[in-house]
Amino acid sequence: VSDFPLWKQILEEARCGIAVDPSSAADVVTAVEYLLAHPVERELMGKRGRELVLGKYNWECQSPDLVDFYKTILARSTSTYHNQ
């Protein structure tokens, strides 16, 4: 994935992928070469990534937080609207 700080942190903690600078062809090549040269690690990364998605980063797990976020925004919006 692109080496955005949050994505990089997630990947590093879960050991499920490689974060690279998307504007650096050399970084992308290095990552792909690593994955090609390490099939066992590549497979383990895939398994760990799948477990992470099934257990944490999916709609069922994330939707309560998103709904609460929307409720908070709507409550603030409604409060601001009524106070004008």
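Any idea what % of Cα-Cα pairs in the chain are farther than 18 Å?
Details: 2098 of 3486 pairs.
Result: 60 percent of Cα pairs exceed 18 Å.
By the scheme Lys and Arg +1, Asp and Glu -1, what is the net charge of all other residues having a beta-carbon under 15 Å from that of Ile10?
+1
How large a share of the accessible area of the chain, in percent, is made up of carbon and sulfur atoms when the probe is 1.4 Å and the other protein chains stay in place?
Ligands and nucleic acids excluded, carbon and sulfur reach 60 percent.
What is the gain in length, in nm to one decimal, between His38 and Arg50 on full extension, counting 0.36 nm per residue of separation less the C-alpha to C-alpha distance?
2.5 nm
Test of the criteria: in the chain, which trypsin sites (Lys or Arg not before Pro) are in a DSSP loop and have at most 16 other Cβ atoms within 10 angstrom of their Cβ?
Answer by residue number: Arg15, Lys56.
What are the ³J(HN,Hα) couplings of region 41-51, residue after residue, when phi is run through the Karplus curve with 6.51, -1.76, 1.60 and θ = phi - 60°? Round to Hz, x for glycine and proline.
Computed from phi, the couplings for region 41-51 are 4, 4, 5, 5, 4, x, 5, 5, x, 4, 4 Hz.
Loop-only check: which chymotrypsin sites (Phe, Trp or Tyr not before Pro) in region 4-62 are DSSP coil with at most 14 other Cβ within 10 angstrom?
Values: sites: Trp7, Tyr34, Tyr57, Trp59; in loops: Tyr57.
Here the sparse-neighbourhood loop sites are Tyr57.
Within 9 Å, Cβ to Cβ, of Asp27, how many net charges do the neighbouring residues add up to if Lys/Arg are +1 and Asp/Glu are -1?
-2
Cβ under 15 Å from Gly49's Cβ, Gly49 left aside: what net charge do those residues give with Lys, Arg +1 and Asp, Glu -1?
+2
The values are calculated or read from the model by the stated rules, or taken from the named source; none is laboratory data. Since we're looking at a predicted model, the values are computed, not measured. A quick note on method: Cβ atoms are made from the backbone with ideal geometry, for glycine too, and the neighbour counts reach across all protein chains shown. Ligands, DNA and RNA are excluded from the accessible area calculation, which covers all protein heavy atoms including side chains. Shrake-Rupley method; radii C 1.70, N 1.55, O 1.52, S 1.80 Å.
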